[in-house]
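The values are calculated or read from the model by the stated rules, or taken from the named source; none is laboratory data. In this text the structure is predicted, and so the values were computed from the model without any measurement. All Cβ positions, even for glycine, are placed from backbone atoms using ideal geometry, and neighbour counts span all protein chains on display. Accessible surface areas use protein heavy atoms only, side chains included; no ligands, DNA or RNA. Shrake-Rupley method; radii C 1.70, N 1.55, O 1.52, S 1.80 Å.
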Amino acid sequence: MKKRRGSFNTIIKLFKLIDKFIVVLFLAVINGAIGNLCAFGITFFSALTLASLMGLLINIPLYGLIIIIIGLGILRGLLRYFEQYSNHLIAFKILAIIRSKVYKKLSSLSISDIDNEDSGDMIALISSDIETLEVFYAHTVSPLFIAIIVSTISFILMGIFSNIYITITLLIAYLLIGFIIPIISYKSLKNRGVKYRNKFHNFNSFYLDSIKGIKEIRLFNKKDEFSENIDKRSNELDSLRVKNSKVSTIFTSLSSFIIILNALIILLLSYYFYINKDLEIYNIVIIISISLSSFGPLLALNALPNNISQTLASANRVLDLLEKEPSIKDVINESNLDEFKSLKANNLSFAYSDDPSNLILKNINFNVNKNEIVVIKGDSGEGKSTLLKLLLREYEVKDEMIIYNDDLSINKINTSSLLDRITIFNQKTYLFSDTIKNNLTMGNKNISDKEINEALKKASIYEFVDSLKEKEETLIDNNNLNISLGEKQRLGLARVILKKPDLLLLDEPTSNIDSYNEKMFLSTLKDLKKDTTIIIITHKESTMKIADRIYELKEGILYEGTIN
């Protein structure tokens, strides 16, 4: 569920993400402010140098002014480097931190929560949305504070070297460019920016899905329709971007006009006060230099409204995920499932909604003993897969509905312990774009090569792996799919064997493989029976032949045996 947050609240949450980098951000602001003051100082002391060359009385000698200007130039370059280094250090570190937080949050969600997330939407979030946050940390925070510091010091200097009228004129320009115009610009771009980021997000998701489904699109001869849809979405996105750029350009042009107008007014006022003997010529030189050179940091704020409007849209999506609570919370500090002895379902009922009339499973009772192969058959949509998910507590049920080892309610078993003892094997095996070995071990460095080879043999895939040039170090290429579905399935089974689960749940494991591979697969399951209890969901009669007991699920009711 998406939360409604105000802009201020969102920005505060973004700052909280960088709590340990706040010192680095402070240094970036200080370096940037001093660096901009150095740039301003170059203009300022150049004006004094000009005044000195005109014969006006200046307390600093000419060579001293030249040394100061050179020193300020060198210092400006160094500070600019450290400012950019600090900003990007924060940005890239924060990007790494946010990516880590997003992954940890996703891994903390229940499997059912993850199943409900759109993969394209997730890819768009972890790529474009997180990358957009870099704009906030590297190009928004520092410029804002730098503009405030530089403008304040410039305003004080103007007050020292001019009079109240010229100083107020400069202040009005500062307020217009640094405060009023950015606020108006932000209000104009806020909804546009959110709309653009949402459309950009949706386009990325659609584009990714179109690429992943390119084979189906080709087979159904719909490539022209999808191509037109992509072009349409892309053009709409580009049109929004152009409109946003036009608005930003208008306000930037308005700010530039105010700077020129301000300089002209200050010049006329300076001339007026000069002929009235209220200002000296060197005052005018300094006043003009301040009015022309102090607007750089403020002018940089013109880019902020568009950046912020898009950043906040991305930030809210990232924060929605980070603040999302799992629908099923892990059980901790309860009992461990040290070994599997038995499983019993007592009047197990379940519905995805709170409406009892929508029950998918109705008062189901069954039991599974150690080292059995139990098959649950039934038509598609009867709730067989849901039943397996309940055995792994992907959805919550009432206490005592699912009991392990005669007296241990599933709601009282630590989740980590449950997942250590029970594994589910789906009809589609996912292999990472990594080596076969790393896919099999899943990062467990304690698994020996001997154990890997034994698992490959048990899964009837050893000869295939051994025939490969790189053997188990062969890289799996998911993009070009350098192995068949049957080979993927058997590698997935070898991975399960290496985990050595006490209870193995299989969801239509042979539905996507041919009869030859199915025969080998079932033979492996029969061999596993002496060490592992197995529950198989299937609709294939050939798979049922290895069962010790068969249940049939029909209209939410589980029957022992088969129904004629």
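Yes/no per residue for (1) aromatic (Phe, Trp, Tyr); (2) closer than 16 Å to Leu522 by Cβ; (3) touching an Asp or Glu at 6+ places or on another chain (Cβ under 7 Å):
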position	(1), (2), (3)
Asn426	no, no, yes
Leu431	no, no, no
Ala459	no, yes, no
Val465	no, no, yes
Leu498	no, no, yes
Asp502	no, no, yes
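Residues being more than 23 Å from Ile550 (Cβ to Cβ) and among the hydrophobic types (A, V, I, L, M, F, W, C): count how many of those fall in the stretch 368-423.
Total satisfying the criteria: 6.
Take the stretch 383-404 and flag every residue that is open to solvent by less than 30 Å² (accessible area, probe 1.4 Å) and polar (S, T, N, Q).
Matches in the stretch 383-404: Thr386 only.
Among what's in the stretch 503-522 and is modelled with pLDDT of 85 or more and not acidic (Asp, Glu), pick the residue that is farthest from the chain's Cα centre (by Cα).
Looking only at the stretch 503-522, we keep the residues that are modelled with pLDDT of 85 or more, and these are 503-507.
If we keep only those that are not acidic (Asp, Glu) as well, we get 503-506.
Numbers: Leu503: 34, Leu504: 33, Leu505: 32, Leu506: 32 Å.
If we take residues in the stretch 503-522 being modelled with pLDDT of 85 or more and not acidic (Asp, Glu), then Leu503 is farthest from the chain's Cα centre (by Cα).
Name the residues in the stretch 442-457 that are surrounded by fewer than 19 Cβ atoms within 10 Å (Cβ to Cβ) and either modelled with pLDDT of 90 or more or more than 31 Å from the chain's Cα centre (by Cα) (or both), would you?
Here is the first cut: in the stretch 442-457, the ones surrounded by fewer than 19 Cβ atoms within 10 Å (Cβ to Cβ) are 442-451, 453-454, 457.
Answer for the stretch 442-457, where residues must be surrounded by fewer than 19 Cβ atoms within 10 Å (Cβ to Cβ) and either modelled with pLDDT of 90 or more or more than 31 Å from the chain's Cα centre (by Cα) (or both): Asn446, Ile447, Ser448, Asp449, Lys450, Glu451, Asn453, Glu454, Lys457.
Would you pick out the residues in the stretch 34-64 that are of a type in the set (Gly, Ala, Ser) and farther than 14 Å from Ser293 by Cα? Lay out the reasoning, then the answer.
Going residue by residue through the stretch 34-64, those that are of a type in the set (Gly, Ala, Ser) are 35, 39, 41, 46-47, 51-52, 55, 64.
If the condition is that a residue be of a type in the set (Gly, Ala, Ser) and farther than 14 Å from Ser293 by Cα, then Ala51, Ser52, Gly55, Gly64 are the ones that fit.
Looking only at the stretch 130-156, filter to residues that are under 16 Å from Ala263 (Cα atoms) and open to solvent by less than 40 Å² (accessible area, probe 1.4 Å); which one of those is nearest to the chain's Cα centre (by Cα)?
Filtering the stretch 130-156 for residues under 16 Å from Ala263 (Cα atoms) gives 151, 154-155.
Keeping just the survivors that are open to solvent by less than 40 Å² (accessible area, probe 1.4 Å) gives 151, 154.
Details: Ser151: 36, Ser154: 41 Å.
Result: Ser151.
Is there a residue in the stretch 37-50 that is touching a Lys or Arg at 6+ places or on another chain (Cβ under 6 Å), in contact (Cβ under 8 Å) with a residue 24 or more places away in the chain, farther than 18 Å from Ile284 by Cβ and crowded, with 17+ Cβ neighbours inside 10 Å?
Yes, the stretch 37-50 contains a residue that is touching a Lys or Arg at 6+ places or on another chain (Cβ under 6 Å), in contact (Cβ under 8 Å) with a residue 24 or more places away in the chain, farther than 18 Å from Ile284 by Cβ and crowded, with 17+ Cβ neighbours inside 10 Å.
Strands (runs of 3 or more DSSP E) wholly in the stretch 516-564 with at least 2 residues that are open to solvent by less than 60 Å² (accessible area, probe 1.4 Å) - which ones? Write out each step before concluding.
On the way: elements: 533-538, 549-554, 557-560.
In the stretch 516-564, 533-538, 549-554 are the strands (runs of 3 or more DSSP E) which contain 2 or more residues that are open to solvent by less than 60 Å² (accessible area, probe 1.4 Å).
Considering each of Asn9, Asn59 in turn, give the residue that is without any contact (Cβ under 8 Å) to a residue 12 or more places away in the chain, open to solvent by 20 Å² or more (accessible area, probe 1.4 Å) and outside any helix (DSSP H, G or I).
Values: Asn9 fails: outside any helix (DSSP H, G or I).
None of the other options fit; the residue is Asn59.
Among the helices (runs of 4 or more DSSP H) lying completely within the stretch 392-505, list those that include at least 3 residues that are closer than 25 Å to Ser107 by Cβ. Show your work before the answer.
Numbers: elements: 415-421, 436-441, 449-458, 462-467, 485-499.
Result: 415-421, 436-441, 485-499.
Could you check the stretch 247-296 and list, in sequence order, the residues that are surrounded by 15 or more Cβ atoms within 10 Å (Cβ to Cβ) and within 21 Å of Lys187 (Cα to Cα)?
Answer for the stretch 247-296, where residues must be surrounded by 15 or more Cβ atoms within 10 Å (Cβ to Cβ) and within 21 Å of Lys187 (Cα to Cα): Val247, Ser248, Phe251, Thr252, Leu254, Ser255, Ile258.
Can you confirm whether the stretch 66-79 contains a residue that is modelled with pLDDT under 75, hydrophobic (A, V, I, L, M, F, W, C) and in a helix (DSSP H, G or I)?
Narrowing the stretch 66-79 to residues modelled with pLDDT under 75: none.
No, the stretch 66-79 has no match at all.
Restricting to helices (runs of 4 or more DSSP H) lying wholly in the stretch 153-256: which have 1 or more residues that are among the hydrophobic types (A, V, I, L, M, F, W, C), in contact with a Phe, Trp or Tyr (Cβ under 9 Å, 6 or more places away or on another chain) and modelled with pLDDT of 85 or more?
Details: elements: 164-175, 181-212, 214-219.
Correct list: 164-175, 181-212.
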